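Each remark here refers to the structure printed beneath this line.
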Amino acid sequence: VSRQVKEEIRRGFARLEDPLAGLLAMLESSSDWKGKGHSLGYCITTELQLWIKAHPAVPQSGTKLKKLQVRVLGMLSQCPANLLDPLISIYQLHTADRNYLLEHVSHLYLQGNYKEAAMLSIKLKLQPDQDVEKMCTPLLLQDKANLVEEYVAEYPELQRKLLQTLDTWCEPSFNIRDIIRPYQGMSKYKPEKFNRRVLSKLIFRLLERFNIDSALCPNVINQRHLRTLNYLFYKRFVEKTMTEENWADHIQSTVGENRWLQGHLVQSLLRHCGARGAVRWAQHCRVPPEMLPQAVAEELQKLHIQDRVEEVTKADNYEASKKKDYYQLPIPRENIHFLQTWEETLQCWEKVLQAGQVIGVDMEWKPSFGMVGKPRVALLQLALKDEVFLLDLPRLLEQAEAEGEKEKLPHFIQMLYSDAAITKLGYGMSGDLSSLAATCSALKDTEKQMQGVVDLLAVDKQVDGLSPEHSHEERGVRQPEKGLSLLVQHVLGKPLDKTEQLSNWEKRPLREEQILYAASDAYCLLEIYERLCKDPESFGLGSDLTESLVGKQSKKPRAKKQLNKQEAPSPSGQEFQGPRTEASCPPAPISPQEFSVVCDNMLQGLGRYLRCLGVDVRLLDNEDDHRKAAEIARQEERVILTSGLPYQTLRSQVGEGRCFSVNCSQKAKEQALQVLKHFNVQVSLDDIFSRCQ
């Protein structure tokens, strides 16, 4: 709005005998102010608000103001959100009769204007005098959870009442239709957004946001623990990828003294171990005898329970015999140092903080299995060429705080990450650093300041997956390798042994298996990096590997929920570059109609973009093996478009020039331009959208 218009508005107010009544009359007779954005009505209203501040004598009181307040309240349910605050301020609605305001909001509610009733209640701070369940239920049915959060944000007592109500709805025996029935026929109802799963997620979000003890919501906590219990049985008895000790440790901490969970534990034990195994484990997990089914109770009478629980399941003990199948740490055990004192740590930093040093960095924490709060780092691993340091972070932080020097350790960690002369290797660094920030608030800005980092997760998308025939069948339902383990297998020949990944990393002392696992996780990064730097082309990577990755500051990826580091968010730093495949002389120009391609599954965005331009495109599905692209290319005479490591495999299976490596770090449009330029495809206006999308 121009300065002249604003001045004209203020002169108009000055000429009016009653500016407040004048504004109201203008708004009531105009429809312009109801639109979104900054309408003329909005500008006049906000100018009056400023004008009143400059002329304190203007605000009215008594009967005249009350009449104006009644008229304003009638308008508020229709006015855009940006006018609520100015009108409430101008007409001093906070001073209006509270019972009248509550009556007005109740009227809005009965008319089905649930959102408007809630927003007005928030603005006028009426929540303490309202029924939180009644106000919030229709909002949840309309998928307005954010408004529900805002409604209770300033009132701890209402937060607790709301959480208890939501938890009651999540009780297995509760019929959720009883909640929906009174609101059938309401507008904007979204039934797919109102179920136990969605409510459970909302409860956990509210518990975390308002920092409320999760014991307030026993139903959702029990259900989450039950899912954890089922997951642990799957890992131990189906996948067979969890050691007995790890499994027992997590089972005990998950079930605890909870009778309901103990009942489910016994049933699962019977299914997987039989009565004999069930009674031994039930005894080990301290399940009360009265909780045991008859078959297990009878077995208890027969058995003499030994002090040490024996393995009575059919889970294979492949620890020693299968070591040859996994990556082995190439340094002696005495070169792995577990540090718990500041004196030991100082010696570590002297070796680590040296210009030109290359360090593998990893972190471990106790699995949270989806419970409230971010995981706190229990172990920080720093791997050098000849030795690995394992820092007991909780112990060191506790010690530093006791000595009144709690900034000491964060200071050294920040020095490490911000020094461009030291190369830090990681895998899923962003996830590690967010957990580090949750462990120590002084480290919350580490990711913004870090330099000289190489996140090997950037290679992850470019690794050709293991084919099923390579898996070890005797290990049960062997899952294909993924994440860092897959990268280690591809580059170094053998995968990581991940059986200790879900350990309780907070428990001390650490077992020998945990120490070796933690050291291997950090040290393998050094070996991968060294191999890739020596021969990047053989892995389908650009020869400028070091230049493209080192010294770049990390870009913060979008947050993504994590169960563990194998599901880490997208990489920090730069993607690995595919090899340049520019031809020495360009091919003859062709039209998009003559150009047929098959896109590998990491390039679906590129495929859709090329199809928009008229190119004949086949797309691999997410679950397809990369080698399917070669079959399609041979059968249908198509060019393969791929990226990274699969390029090496695929180009040898088709004719020369029939496989092209695309830069995976670029957007689809940039990739398309790269492809069109390389194959000299000339696109005309008639080609665009010429094929069915």
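Rule-based calculations on the coordinates, nothing more; no lab input. Keep in mind that this is a model prediction, so the values were computed, not measured. All Cβ positions, glycine included, derive from the backbone under ideal geometry; neighbour counts span all protein chains shown.
The mean sequence distance of close C-alpha pairs (under 8 Å, at least 6 residues apart), as a share of the length of region 220-302, puts its relative contact order at 24 percent.
Database remark: amide H of residue 363 closer than 5 angstrom to the amide H of 381 (H placed geometrically; neighbours at sequence offset of 5 or more, or on other chains; Pro and chain starts carry no H).
Taking amide H as placed 1.01 Å from N in the peptide plane, the amide H of residue 640 sits under 5 Å from that of 598, 659, 660, each at least 5 places away or on another chain.
For region 380-396, putting each phi into the Karplus relation 6.51 cos²θ - 1.76 cosθ + 1.60 with θ = phi - 60° gives couplings of 10, 9, 10, 9, 9, 4, 10, 7, 10, 10, 10, 9, 6, 4, x, 5, 5 Hz, in residue order, rounded to whole numbers and with x for Gly and Pro. Close amide-amide hydrogen proximity is noted between residue 377 and 439, each under 5 Å apart and 5 or more residues distant or on a separate chain (H modeled in the peptide plane; Pro and chain starts excluded).
Which pairs break 32 Å Cα to Cα here: 351/406; 144/235; 190/669; 193/498? Working shown, then result.
Details: 351/406 22 Å; 144/235 37 Å; 190/669 36 Å; 193/498 37 Å.
With Cα atoms farther than 32 Å apart: 144/235; 190/669; 193/498.
Net charge near residue 396, counting Lys/Arg +1 and Asp/Glu -1 over other residues with Cβ under 12 Å of its Cβ? Local net charge: -4.
Here the dipole of region 220-302 is about 200 debye; that uses its Cα centre as origin and unit charges on the Cβ of Lys and Arg (positive) and Asp and Glu (negative). With contacts taken as Cα pairs under 8 Å at a separation of at least 6 residues, region 592-687 carries a relative contact order of 30 percent. Note that region 219-235 has calculated 3J(HN,Hα) couplings of 5, 5, 5, 4, 5, 5, 5, 5, 5, 4, 4, 4, 5, 5, 5, 5, 5 Hz, one per residue in order, obtained from phi through the Karplus relation 6.51 cos²θ - 1.76 cosθ + 1.60 (θ = phi - 60°); glycine and proline are x.
Here the Karplus curve 6.51 cos²θ - 1.76 cosθ + 1.60, taken at θ = phi - 60°, turns the phi angles of region 277-291 into couplings of x, 4, 5, 5, 5, 4, 5, 4, 8, 6, 6, x, x, 5, 7 Hz, with x standing for Gly and Pro.
Ranked from highest to lowest mean number of other Cβ atoms within 10 Å per residue, what is the order of the peptides 522-534, 139-151? Spell out each step's value before the answer.
Numbers: 522-534: 19.9, 139-151: 18.2.
For the peptides 522-534, 139-151, the packing ranking is 522-534, 139-151.
About its Cα centre, the dipole of region 592-687 is roughly 260 debye, where the only charges are +1 on Lys and Arg Cβ and -1 on Asp and Glu Cβ. Each peptide in 596-605, 427-436, 391-400, 629-638 was scored by the mean count of other Cβ atoms within 10 Å over its residues; highest first, the order is 427-436, 596-605, 391-400, 629-638.
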